[in-house]
Amino acid sequence: MRFYLFLVGLTILATGGAAPYLMNHVDALGYVTGALQLGGGILICGLFSLKMPWHGIIGAGVLALLGAARGIGNLPGLAKFVTGNRPHGFTPVMELGVTLLCTLLLVKITRTLFQERTRRMLESAE
């Protein structure tokens, strides 16, 4: 599970690093700030999970939920991008990528927590 936390955190940070080369200056500045906060937070949760696994995983789940919810709010911009209205350039596509990463991480964390709950319930029944 920690591998996914580090992978998603580093991937989001990498998209933030690529943003100044793919976007105009105004959009890139906002995107880089958000990518550093979200990717850095998930990376910190991954580091925190080395010492206290469930606390770090749950913290990353909360951050993934926040990232996915923010990305869903950006879907109207993606619809404009697809129809040809592109005032923000490539930004909606990169935001969609971060949204998908956060959604996949959230699903993975939820599955892991349900598996742990089932394991503990079966363990207590014996």
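The values are calculated or read from the model by the stated rules, or taken from the named source; none is laboratory data. This is a predicted model, so every value here is computed, not measured. Please note: Cβ atoms are built from the backbone with ideal geometry, for glycine as well, and neighbour counts cover all protein chains shown. For the accessible areas, the whole protein counts, side chains as well, though only heavy atoms, and no ligand, DNA or RNA atoms are used. Shrake-Rupley method; radii C 1.70, N 1.55, O 1.52, S 1.80 Å.
Rounded to the nearest whole Å², what accessible area per residue is found for the chain with the 1.4 Å probe? All intermediate terms of the calculation are to be shown ahead of the outcome.
Working: 7810 Å² over 126 residues.
Ligands and nucleic acids excluded, the figure is 62 Å² per residue.
Could you tally the net charge around residue 19, taking each other residue with its Cβ under 13 Å from the Cβ of residue 19, Lys/Arg +1 and Asp/Glu -1?
-2
How big, on average over all directions, is the shadow cast by the Cα convex hull of the chain, in nm²?
Averaged projected area of the chain's Cα convex hull equals 8.2 nm².
May I ask for the net charge around residue 1, where only other residues with Cβ less than 12 Å from the Cβ of residue 1 are counted and Lys, Arg are +1 while Asp, Glu are -1?
Numbers: positive: 2, 108, 111; negative: 116.
Residues close to residue 1 contribute a combined charge of +2.
Counting only protein heavy atoms, what percent of the accessible surface of the chain is carbon or sulfur at a 1.4 Å probe?
70 percent
What dipole magnitude, in Debye to the nearest 20, does the chain give about its Cα centre under +1 on Lys/Arg Cβ and -1 on Asp/Glu Cβ?
Numbers: 10 positive and 5 negative charges, 23 e Å.
Approximately 120 debye in magnitude.
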